[in-house]
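Here is the structure we will look at.
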Amino acid sequence: MIKLKDFNQFKWIQEEKESIDFENWKGCKVSNLLPARYNHYCKIMHPIYLDSTIKDESLLWSQCNPDEPVQFVFGERLTLKELAEKYKLHYTKEISTWTISHLLGGIPRYLFIPEEGSIDEKTLRELVSVLKPFTKGIQCYFQYHLLKIVHSFPGKIENGQLYYGKLEDVFQLYEMGDGRRFGSPSYWWAEDKSWCLHTDFDSDFSLLGGSKEIVEALLSNYELECIEVDVSTRVDNKADKKNLHF
């Protein structure tokens with residue numbers, strides 16, 4: 001794996017993404033974050049866990065005393081589909097933990113929602129296992145947004161960092177960092193551009209564009225929760241208008 005000195009190999013993503021019209025804001029779509037060249041896309045939900053020690057499911061994190069130490073007791077994994085059924089919500093393309101937060105006025109204390117901006121290690125390993133058959137003999141690029149690595153690379157790093165190597169090098173990058181690990185890349189893609197994966201800095205899910213076969217492999221994987229989307233699917237914090245009224 002090597003660190004690249006320029007960002008030429010990242011330009012295609014910057015050029016093929018649809019610009020966001022902030023003056024006439026109508027939400028952020030998949031096409032604002034990923035190139036619109038693909039016929040198939042999916043949203044990869046990062047796992048949610050239950051804290052079985054919390055019996056009052058009406059208690060919100062915002063209602064807890066910030067001065068009291070939190071004991072993290074991770075219980076069983078919950079999917080958004082299960083939470084949608086629990087709270088009688090439609091399982092839409094736009095659903096996310098933001099849906100739960102808007103519905104209840106905050107995130108319930110009995111839930112551990114995913115970290116924003118990075119894929120957890122278990123999900124990352126499962127993604128690599130799915131992508132590996134579609135990336136045989138093909139190198140990959142890994143881009144980190146400057147906000148993810150500024151603590152490790154002080155100074156002028158406006159474009160973040162860009163790396164080139166094997167698909168499995170993502171695990172090495174995941175653990176890199178000075179005092180705080182990088183986590184998963186902001187963007188990573190196959191050199192032939194057959195797939196591209198993005199985790200936005202403010203999102204607790206990821207987006208992938210690729211072939212029908214790749215997306216079907218992700219959707220059929222029992223270890224992952226994936227939802228098929230398209231380029232016009234909204235992914236911002238007020239996207240889920242079928243369940244919520246803004």
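The values are calculated or read from the model by the stated rules, or taken from the named source; none is laboratory data. What you are looking at is a predicted structure, and each value in this text was computed from that prediction instead of being measured. Backbone-built Cβ (ideal geometry, glycine too); neighbour counts: all protein chains shown. What goes into the accessible areas is simple: the full protein's heavy atoms, side chains included, and nothing from ligands, DNA or RNA. Shrake-Rupley method; radii C 1.70, N 1.55, O 1.52, S 1.80 Å.
Just a yes or no: is a residue in segment 212-219 of a type outside the set (Lys, Arg), assigned to a loop (DSSP other than H, G, I, E, B) and out of contact with any Asp or Glu (no Cβ under 6 Å at 6 or more places or on another chain)? Walk me through it before giving the result.
Filtering segment 212-219 for residues of a type outside the set (Lys, Arg) gives 213-219.
Next, from what is left, pick out any that are assigned to a loop (DSSP other than H, G, I, E, B): none.
No: zero hits.
Looking at segment 204-214, is at least one residue within 17 Å of GLU94 (Cβ to Cβ) and among the charged types (D, E, K, R)?
Yes, the conditions are met somewhere in segment 204-214.
Looking only at residues that are over 21 Å from GLU126 (Cβ atoms) and among the basic types (Lys, Arg) in segment 161-195, which one is surrounded by the fewest Cβ atoms within 10 Å (Cβ to Cβ)?
Out of the qualifying residues, it is ARG180.
Here's the yes/no breakdown for (1) without any contact (Cβ under 8 Å) to a residue 60 or more places away in the chain; (2) touching an Asp or Glu at 6+ places or on another chain (Cβ under 9 Å); (3) closer than 14 Å to VAL235 by Cα:
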| residue | (1), (2), (3) |
| --- | --- |
| VAL30 | no, yes, yes |
| PRO35 | no, yes, no |
| TYR38 | no, no, no |
| GLU57 | yes, no, no |
| LEU60 | yes, no, no |
| PRO69 | yes, no, no |
| ARG109 | yes, yes, no |
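Just the residues that are touching a residue at least 24 places away in the same chain (Cβ under 8 Å) and either farther than 20 Å from MET45 by Cβ or β-branched (Val, Ile, Thr) (or both), please, taken from segment 181-211.
PHE182, TRP189, ALA190, GLU191, ASP192, LYS193, SER194, THR199, SER211
Name the one entry in LEU111, LEU103, LEU89 that is under 25 Å from THR53 (Cβ atoms) and open to solvent by 10 Å² or more (accessible area, probe 1.4 Å).
On the way: LEU111 fails: open to solvent by 10 Å² or more (accessible area, probe 1.4 Å); LEU89 fails: under 25 Å from THR53 (Cβ atoms).
Of LEU111, LEU103, LEU89, the one residue that is under 25 Å from THR53 (Cβ atoms) and open to solvent by 10 Å² or more (accessible area, probe 1.4 Å) is LEU103.
Could you list, in sequence order, the residues of segment 220-244 that are open to solvent by 80 Å² or more (accessible area, probe 1.4 Å) and either basic (Lys, Arg) or assigned to a loop (DSSP other than H, G, I, E, B) (or both)?
Correct list: TYR222, GLU223, LYS238, LYS241, LYS242.
Could you tell me which residue of segment 182-213 is modelled with the lowest pLDDT, considering only residues that are over 20 Å from LYS29 (Cβ atoms) and in contact with a Leu (Cβ under 7 Å, 6 or more places away or on another chain)?
Filtering first and then ranking leaves PHE182.
Just checking, how many residues over segment 61-86 are closer than 30 Å to TYR222 by Cα and open to solvent by less than 70 Å² (accessible area, probe 1.4 Å)?
Final tally of qualifying residues: 7.
What helices (runs of 4 or more DSSP H) completely inside segment 79-150 contain at least 1 residues that are more than 16 Å from the chain's Cα centre (by Cα) and hydroxyl-bearing (Ser, Thr, Tyr)? If you could, list the steps in order and put the result at the bottom.
Numbers: elements: 80-86, 97-104, 121-131, 146-149.
In segment 79-150, the matching helices (runs of 4 or more DSSP H) lie at 97-104, 121-131.
Given the conditions (1) of a type in the set (Phe, Trp, Tyr); (2) closer than 15 Å to HIS46 by Cβ; (3) open to solvent by 60 Å² or more (accessible area, probe 1.4 Å); (4) out of contact with any strand residue (DSSP E or B) (no Cβ under 6 Å at 6 or more places or on another chain), which single one is not true for TRP98?
Unmet condition: (3).
Does any residue of segment 170-181 turn out to be at pLDDT below 95 and among the aliphatic types (A, V, I, L, M)?
yes
Say we look at segment 17-43 and pick out the residues that are in contact with a helix residue (DSSP H, G or I) (Cβ under 7 Å, 6 or more places away or on another chain) and among the hydrophobic types (A, V, I, L, M, F, W, C); which of these is modelled with the lowest pLDDT?
ILE20
If I ask for residues that are more than 14 Å from the chain's Cα centre (by Cα) and farther than 15 Å from PRO133 by Cβ, which ones from segment 202-227 would you list?
LEU219, TYR222, GLU223
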